[in-house]
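Have a look at the structure below before the remarks.
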Amino acid sequence: EAGVAQSPRYKIIEKRQSVAFWCNPISGHATLYWYQQILGQGPKLLIQFQNNGVVDDSQLPKDRFSAERLKGVDSTLKIQPAKLEDSAVYLCASSRWPGTGAHQRTGELFFGEGSRLTVL
Amino acid sequence: AQKVTQAQTEISVVEKEDVTLDCVYETRDTTYYLFWYKQPPSGELVFLIRRNSFDEQNEISGRYSWNFQKSTSSFNFTITASQVVDSAVYFCALRGYSGGSNYKLTFGKGTLLTVNP
């Protein structure tokens with residue numbers, strides 16, 4: 001089973017520029033998550049999709065961040081304009097939820113390798 | 001609100017030593033799930049273990065074991081006979097269940113484990 005794919009792995013931009021990250025979840029996984037992981041901290045949820053609908057975007061800085069999952073499969077996270085404090089690793093994860101049995105609640109997340117953003 | 005605290009920022013041990021990673025959590029949910037994830041230098045978070053709140057049985061799986069104590073809201077993780085390949089950042093995470101549709105996973109800040117040869 002192929003894992004969660006993310007690109008690019010690394011990106012360096014200057015502040016006020018824009019950047020986009022792409023994620024392709026594991027085939028058949030209905031739920032997709034974008035997490036932001038700042039150096040030395042745990043991942044923080046930015047947005048959660050179920051199929052192509054948003055379940056939770058309460059921690060997404062909507063003035064500069066946007067995300068979409070138009071066909072309910074792959075997803076794009078965009079930052080425009082970027083700020084210095086956006087330097088972080090952006091992790092994409094997927095899960096089978098809503099599924100059946102144990103996965104319906106436990107919803108084990110499978111993570112990609114992340115996209116490391118440096119804003120200068 | 002959910003909160004996960006990993007008080008140990010960094011731990012350094014010598015190979016073959018046992019090491020325990022501490023995790024304390026807060027939640028108002030009566031049903032919840034606790035996880036440990038490993039993040040090696042490659043960056044990918046790797047799922048290690050999941051426990052639910054209504055099963056406090058502790059288990060051992062190979063060199064890994066965990067101690068879940070609801071009374072103290074702790075979910076500690078032990079690696080026996082540590083190896084250099086165990087060097088990574090370890091995250092404890094909590095997912096509450098309130099009957100809603102959002103199963104947000106809340107992570108601690110992580111513990112950097114370095115196993116020296």
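Bear in mind that the values in this text are calculations on the coordinates, not laboratory data. Because the structure is a prediction, the values reported are computed rather than measured. Heads up, the Cβs are rebuilt from the backbone with ideal geometry, glycines too, and the neighbour counts pull from every protein chain shown.
In a Debye calculation with equal point scatterers on the alpha-carbon sites of the protein assembly as shown and no solvent, what is log10 I(q)/I(0) at q = 0.10, 0.12, 0.14, 0.17 Å⁻¹? So the normalised log intensities work out to -0.47, -0.68, -0.92, -1.29.
Just add up the charged neighbours of A:GLN36: K/R +1, D/E -1, any other residue whose Cβ is under 9 Å from the Cβ of A:GLN36. The answer is 0.
Computed over neighbours whose Cβ is under 13 Å from that of B:THR72, the net charge equals -2, Lys and Arg +1, Asp and Glu -1. Comparing mean-square fluctuations of A:ASP63, A:ASP74, A:ASP86 from a GNM of chain A with C-alpha springs under 10 Å, the top value falls on A:ASP63. Working note: Cα atoms of the stretch B:1-103, range along each principal axis, descending, whole Å: 43, 28, 23. Within the listed set B:ARG95, B:ARG51, B:ARG28, the residue fluctuating most in the Gaussian network model of chain B (springs between alpha-carbon atoms under 10 angstrom) is B:ARG28.
What's the local net charge at B:VAL24, with K and R +1, D and E -1, over the other residues with C-beta under 13 Å away? With Lys, Arg at +1 and Asp, Glu at -1, the neighbours total +1.
Could you give log10 I(q)/I(0) at q = 0.19 Å⁻¹ for chain A, computed by the Debye formula over C-alpha point scatterers of equal weight, without solvent? Each listed q maps to, in turn, -0.97.
Calculate, for A:GLU14 and B:SER71, the FRET efficiency according to 1/(1 + (r/R0)^6) with r their C-beta to C-beta distance and R0 35 Å; round to the nearest 0.05.
Details: r = 52 Å, r/R0 = 1.48.
Step by step, r from the Cβ atoms, then E = 0.10.
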